[in-house]
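In what follows, a structure is listed as structure tokens, so that the remarks can point back to it.
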Amino acid sequence: MPFFSLDRLRHLSSKSLLPLSVVFLVGAAFLASGCHPAVTDPKDPKFIVAERGNWKITRADLDAEQASYLKQHELTPDKIEPAKIPAFESAVLDNMLLKSIFMEKAAAMSLKDVDKEEADTLARMRSSVPSDEAFNEELKKRGMNLDEMKKRIHEDVLIHHVLQAEVPQAVEPTEQEINGFYIQHKDEFYLKEVVRASRVVILLGDKISPAEKAAKKKIIDKARDRVMHGEDFAKVASEVSEDQYSKSKGGDIGYFQKGQNENDPKFDEVAFGTKVNVVSPVFETALGYQFLKVTESRPAGIATVAEASPKIANYLRANKAKEQVTSYMKKLLTGDKTITYHLVHVDMPAQPKPGAPSAPTTSGNPDAAPASAPAAPSTNASK
């Protein structure tokens, strides 16, 4: 029986799915009455497209579910190739049936702290947008309100618990698998030039007066003089710098690439134009007056297997977990003898072979930008 998870719909459209989306098991409406077995036209709203025991799913239910999915992902039917619409329909129908199975399994389990998990999930989703108004607008764009979102989160938490209980943990990738993947995709692990630096910053406000700015310049010049006369850079930075991100680290801002975190062009110019262990002149950016010392430099090139290994391991681990979940869901459908389909299932086209994960990146915060809010969690039913 053909089956696939709805996250594969990204291959049906050029538009990728959005962070706030509810990808898996998008709220099904099962009808136990009002169905007409005598209806034989598959396009008739009363036509029964599938049954599971006493539950009936009509053409109207399936059409509503497809429309809901498309609305949530800001897609329209014309975004899906006509030849692939039957596969889309089959996937939605399978997921409606799977939801029924998962909810039954969850009801038989003794689950704790479900309410807290749901509240935490909603809080993370809210944190991904700047305000409650923006969050509600995001929901509206996807044809949902807050109560509907809470219901979907509740279902997703239950599904997650069922998967945790019944799907084995993914096997850790072996060193041989990691090395083999690296060899196969080596050219894709290209690293840009990076440097590591420490800096001292004196902030300049937007409305600073010329006299105040001159006073600030004297402070930064004096701090640099201390370093040039032999004082430890980290000591001076911890005492003088007004960059709260790096001050506690002795001015260290870690590794970074050109343009990372929307660096000020002047900052990049100085950082990548200064030799290792050399203290730069004082320069001015939108942030303020600063000077820096490059502590390490790495030229552009292909990452070593050691550098790429953590990302490859995570990538392979995630693929194995996804395969196990997909296999488990397929078994749920094929093993449930109470399911009867009245529509012909259509396979999804084969997915392209996965490529390498993005090359490992370095971390750093050259312009002390605040950390971005965590992305809203997808409600994919994955471990």
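Assorted remarks:
- Count of segment 240-296 residues which are crowded, with 17+ Cβ neighbours inside 10 Å, among the aromatic types (F, W, Y) and within 17 Å of I219 (Cβ to Cβ): 2
Per-residue answers, yes or no, for (1) under 33 Å from the mean Cα position of the chain (by Cα); (2) outside the structural domain of S209 (by TED's automatic domain parsing); (3) acidic (D, E):
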site	(1), (2), (3)
D264	yes, no, yes
K275	no, no, no
E284	no, no, yes
L292	no, no, no
T304	yes, yes, no
E307	yes, yes, yes
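- The single condition among (1) polar (S, T, N, Q); (2) under 30 Å from T326 (Cα atoms); (3) not assigned by TED's automatic domain parsing to the domain that holds Q72 that Q164 does not meet is (3).
- Enumeration of residues in segment 111-146 that are assigned to a helix (DSSP H, G or I), among the charged types (D, E, K, R) and under 19 Å from A67 (Cβ atoms): E138, K140, K141
- Any hit, segment 91-98, residues being farther than 26 Å from L139 by Cα and assigned by TED's automatic domain parsing to the domain that holds K141: no
- Taking every residue in segment 234-252 that is outside the structural domain of V200 (by TED's automatic domain parsing) and touching a residue at least 24 places away in the same chain (Cβ under 8 Å) and pairing it with any residue that is not in a loop (DSSP other than H, G, I, E, B) and not basic (K, R), at least 6 positions away or on another chain, yields no pair with a Cβ-Cβ distance below 7 Å.
- Selected residue (criterion: modelled with the highest pLDDT) from residues of segment 83-142 that are closer than 21 Å to V346 by Cα and β-branched (V, I, T): V92
- Residue satisfying condition, being outside any strand (DSSP E or B) and touching a strand residue (DSSP E or B) at 6+ places or on another chain (Cβ under 7 Å), within set T340, T274: T274
Each row is one residue, and each column tells you yes or no for (1) surrounded by fewer than 16 Cβ atoms within 10 Å (Cβ to Cβ); (2) closer than 30 Å to A50 by Cβ.
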{"site": "A106", "(1), (2)": "no, yes"}
{"site": "S110", "(1), (2)": "yes, no"}
{"site": "K116", "(1), (2)": "yes, no"}
{"site": "E133", "(1), (2)": "yes, no"}
{"site": "E138", "(1), (2)": "no, no"}
{"site": "N145", "(1), (2)": "yes, yes"}
{"site": "M149", "(1), (2)": "no, yes"}
{"site": "R152", "(1), (2)": "no, yes"}
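The values are calculated or read from the model by the stated rules, or taken from the named source; none is laboratory data. Because the structure is predicted, anything quoted here is derived from the model rather than measured. No Cβ is skipped: glycine too gets one built from the backbone with ideal geometry, and neighbour counts run over all protein chains shown.
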